[in-house]
1. Mind listing just one residue for me: the one in the stretch 445-471 that is within 23 Å of Asp489 (Cβ to Cβ) and of a type in the set (Ser, Thr, Tyr) and, of those, modelled with the lowest pLDDT?
2. In the stretch 426-451, which residues are touching a residue at least 12 places away in the same chain (Cβ under 8 Å), of a type in the set (Gly, Ala, Ser) and not in a helix (DSSP H, G or I)?
3. Given the conditions (1) farther than 21 Å from Lys830 by Cβ; (2) open to solvent by 60 Å² or more (accessible area, probe 1.4 Å); (3) not polar (S, T, N, Q), report the number of the one that Lys779 does not fulfil.
4. From the set of residues in the stretch 591-637 that are β-branched (Val, Ile, Thr) and under 35 Å from the mean Cα position of the chain (by Cα), which is most open to solvent (accessible area, probe 1.4 Å)?
5. Take Ser766 and decide whether it is modelled with pLDDT of 95 or more and polar (S, T, N, Q).
6. Consider Ile85 carefully, then state whether it is at pLDDT 90 or above and open to solvent by less than 30 Å² (accessible area, probe 1.4 Å).
7. Go through the stretch 498-517 and give me each residue that's part of a helix (DSSP H, G or I) and open to solvent by less than 10 Å² (accessible area, probe 1.4 Å).
8. Search the stretch 60-82 for residues being within 26 Å of Ser106 (Cβ to Cβ) and assigned to a helix (DSSP H, G or I), and hand back the single one that is most open to solvent (accessible area, probe 1.4 Å).
Amino acid sequence: MALEITQFLLAAQSPDANIRTQAEASLRQFQEQNLPLFLLSLSVELANNVKPLESRRLAGIVLKNSLDAKDSVRKEHLVQQWMTIEISIKSQIKDSLLRTLGSSASEARHTSAQVIAKVASIEIPRKQWPELIGSLLNNMTQQDSPVALKQATLETLGYVCEVISHQDLVQDEVNSVLTAVVQGMNLAEHSHEVRLAATKALYNALDFAQTNFDNEMERNYIMKVVCETAISKEADIRQAAFECLVSIASTYYEVLEPYMQTLFQLTSNAVKGDEESVALQAIEFWSSICDEEIELQEYGTVEGGDSGSAHSRFIEKALPYLVPLLLDTMLKQEDQDQDDSIWNISMAGGTCLGLVARTVGDSIVKLVMPFVEGNILNPDWHCREAATYAFGSILEGPSVETLGPLVTNGLDFLLNAIRDENNNVKDTTAWTLSRIFEFLHCPASGFSVISPEKLERIVTVLLESINDAPHVAEKVCGAIYYLAQGYEDSGTSSSLLTQHIPRIISELLKTAERTDGSDFKLRTSAYETLNEVVRSSNVVETSLIILELLKSILHKLGQTLELQIVSSDDREKQGDLQASLCAVIQVIIQKLSSTDETKPSTLQAADPIMILLLRVFACRSSTVHEEAMLAIGALAHASGPEFEKYMPELYKYLEMGLQNFEEYEVCAITVGVIGDICRALEDKVLPYCDGIMNHLVCNLQSAELNRSVKPPIFSCFGDIALAIGEQFSKYIEPTVAMMRSAAEVCAQMDNSDEELMDYGNQLKRSIFEAYSGILQGFKDSKPELMLPHAGHLFQFIELVFREKYRDESVTKAAVAVMGDLADALGPNTKILFKDKAFCVQFLGECLQSEDEHLKETANWTQVMIARVVS
């Protein structure tokens, strides 16, 4: 029996803080003492049309938050809580929710639709609540069903399809859902609200419709209804219909051929004359077709291959009509002070044009260049900006041979245009220059549009323009970034930039200190560009310049520690600046320690760097801790055994990082840095290992820590074992137990979920890396300790070998650990290798690979096994 909670829900929204706090405490107490009754009471409140809207609204919000959360650990906890509730109470809650779909209050209907989907996401994959789909369809088929109930039901079906997998419904249910949804879109029978809800529901149900799209008659009917809906008189319904077409373009590309003429007409009309929200979706349709064709060109089969992935070349066929349509949208700019986050029709058109260029390559150039040449000198800034944007958009895709002469001829013009009187033109010109340097400036590969004679002028113009408005300066930073990157690893060509580097560094530091730059992320952009300039420079020629920069950055970092912090805003600004400065320090350490000639200068600066980084840890900001930790990892790598002197002071911050579950990225980076420290110190890390291992094992056992941190922990076990050798023996039992348990998790993982599959690959790779580290660590002293675990490791390698879809990095790690097993345990593994025929198959497969590193590893493993077996 539900309890009366209206007064508590209303009081929890009171303007009086005391009343509010008391009510919140009462609700929390009820929730903790009797969760099933609490949820039932909330569902009854939501369903009761007599109750105030305010209390029903909060009841719905609390109900939603009791079933779902963004954090994966919290979400899993809520799911388990729901699963333990008695079936009879869950049935009452679900009945209340279904009743609410017929409520007179639209907000209550909407909330109930969302909560039903949350429950469905838990129960339907577990084969519970089988009657849900039938109950919802019943609402649609009853003749006297009110409009509001049909609208809410369709909304619910859409939400349910969004949160469950197509494998969770049988085909009959899918057919019934699609029938109800497509009938709901029918113009003659239904109101605006019902048709809109039906069209949105179809969008979420399309993933379930594979069988229906394979059937020509059913497919024709669905496409006919969607195309008719795309010309409804209501703009929001037209927009929803085009969203469906975008989804169909990417999900059912291979069956679109018969409909393409109609779809071109529909999208063309929408782009030319419809409201912007509809036109944007019409452009997105063509962007989706491009995405599909780019993927087919890169990974799939072209014509003549498997018909399931045949390349229909829709973009190529539509090119003469599609390109002018897109070019026309680029003339419809709004002067928004260049806020790039606002998506409008000209940006969508330019983005789509860029995808078209990547799809068809050279053939786009002759269609776009007349537009560029006809508009680039126009007195109207809209025309000049559109011409520049069009030119910049086609720089990826066509060949260097086709673009090279055009860009070489146009470079001087663009260097003048960056001084245009209009800010929008300057902004787009700077962006276009950055694209030129990104795609057509790579001396290492033997091609660059930048001749040594032009470099002086390019640098001068960019360093003048970096003082322009913040949004222009940010794009100029991008141009300098790619200009510098082009000279990386380019041998003698890299010397061309050396003479300009002091000026570039000086201007970037000035730009980073501009007070008008925060809105456009100018400071971050300036520091990222500075990092790329350092990373790409010729270290032998620039080491003195970089050392001067290091002094300047350390000075700036010291100044941030003296800042007056009055508000949370001050603290955030301090944190962002410290993070940027720590990132520069990391890059400088890596650069200077990359050659024997310049490495001593890193070691001389190590003490002042470390003192400042330790002081930075006292500031409470996760972003700073991440960047400072990475800088410490770089310093450990550069310092080697000398790094030991910093450990007594650093260790407490490593512990803090390992215990930081809330900001789990900090925890993951700390684990990685411990690996760096182990490699640097080797057995000198021993005094700290008990504490570190204790934290790592606790972290693996914790249900609260984000799962993404767990693979790096296993890799870290390998680093520790490798560093301390036989001393790792005292940790072997808990470590291997954890690895076995993680291997079992991998064996049971659902590989249909892409996110879960990525996590599974990381986990498998890290388990193999841990075994490799431990085997190598014990090789010279106590290899016999790993003998009892060899059989299990073999089983795990075989499990991975037999997987249908195997990640290449996992393959490399698995083959490497087979070699380590033979190398470390020697003749003791002879029987294991002779019994395991799959090893021969596995190595054979790897030796056929095109990946040279994998082949090399497989060769080494083959030699190790042959040594043991013979």
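The values are calculated or read from the model by the stated rules, or taken from the named source; none is laboratory data. Remember, predicted model here, so these are calculated numbers, not experimental data. A quick note on method: Cβ atoms are made from the backbone with ideal geometry, for glycine too, and the neighbour counts reach across all protein chains shown. The area values use the complete protein model at the heavy-atom level, side chains included, leaving out ligands, DNA and RNA. Shrake-Rupley method; radii C 1.70, N 1.55, O 1.52, S 1.80 Å.
1. Ser445
2. Ser448
3. (1)
4. Checked the stretch 591-637; the qualifying residue most open to solvent (accessible area, probe 1.4 Å) is Ile611.
5. On the way: modelled with pLDDT of 95 or more: yes; polar (S, T, N, Q): yes.
Yes.
6. yes
7. Ile501, Ile504, Leu508, Thr511, Ala512
8. The selected residue is Asn65.
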